[in-house]
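Worksheet for the structure shown next.
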Amino acid sequence: MKNYEQRLTHHSHFQYHMKHAIPVQVYEQGCHMEVGLITAVDAHFVEVEGTLYNRSSFTFISRPGY
């Protein structure tokens, strides 16, 4: 991850990305896991194209134009 990349931290960030179909990149302990679209979100989990990720265990980075 690079320092200038936008991390999704607030619920409104996740909702905005889902509503506008902006791709996100998912990291676990700094290791890339997936790039995709958010298909569902709640206070604890984010679903990226059918895979659930715990919001407190993973990092989500905005990837517009990906």
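The values are calculated or read from the model by the stated rules, or taken from the named source; none is laboratory data. On a predicted model such as this, the values are computed, not experimentally measured, just so you know. Note that we place each Cβ from the backbone using ideal geometry, even for glycine, and neighbour counts take in every protein chain shown. Side chains included, ligands, DNA and RNA excluded: accessible areas come from the protein's heavy atoms. Shrake-Rupley method; radii C 1.70, N 1.55, O 1.52, S 1.80 Å.
Assorted remarks:
- Theoretical ellipticity at 222 nm over the chain - DSSP helices of four or more residues, -39500 (n - 2.57) apiece, nearest 500: -4000 deg cm²/dmol
- Per residue solvent-accessible surface (Å²) - the chain, probe of 1.4 Å: 65 Å²
- Net length available on complete extension from residue 9 to residue 35 is 7.7 nm, with 0.36 nm assigned per residue and the Cα-Cα distance removed.
- Were the residues from residue 43 through residue 16 laid out at 0.36 nm apart, the gain over their Cα-Cα distance would be 8.3 nm.
- Restricting the calculation to Cα atoms, the chain yields a radius of gyration followed by a Dmax of 10.4, 28 Å.
- Low-density loop cleavage sites - GluC sites (Glu not before Pro) in the chain, where at most 16 other Cβ are within 10 Å (DSSP): 5, 49
- Proximity of backbone amide H atoms, modeled 1.01 Å from N, is registered between residue 33 and 26, 27, 28 at under 5 Å, excluding neighbours fewer than 5 places apart on the same chain.
- Under 5 Å from the amide H of residue 45 lie the amide H atoms of 55, each residue being 5 or more positions distant or on a separate chain, with H modelled from the backbone and absent for Pro and chain starts.
- Across the chain, Cα pairs under 8 Å and at least six residues apart give a relative contact order of 36 percent.
- In the context of the full protein assembly, residue 13 retains an accessible surface of approximately 50 Å², using a probe radius of 1.4 Å and ignoring ligands and nucleic acids.
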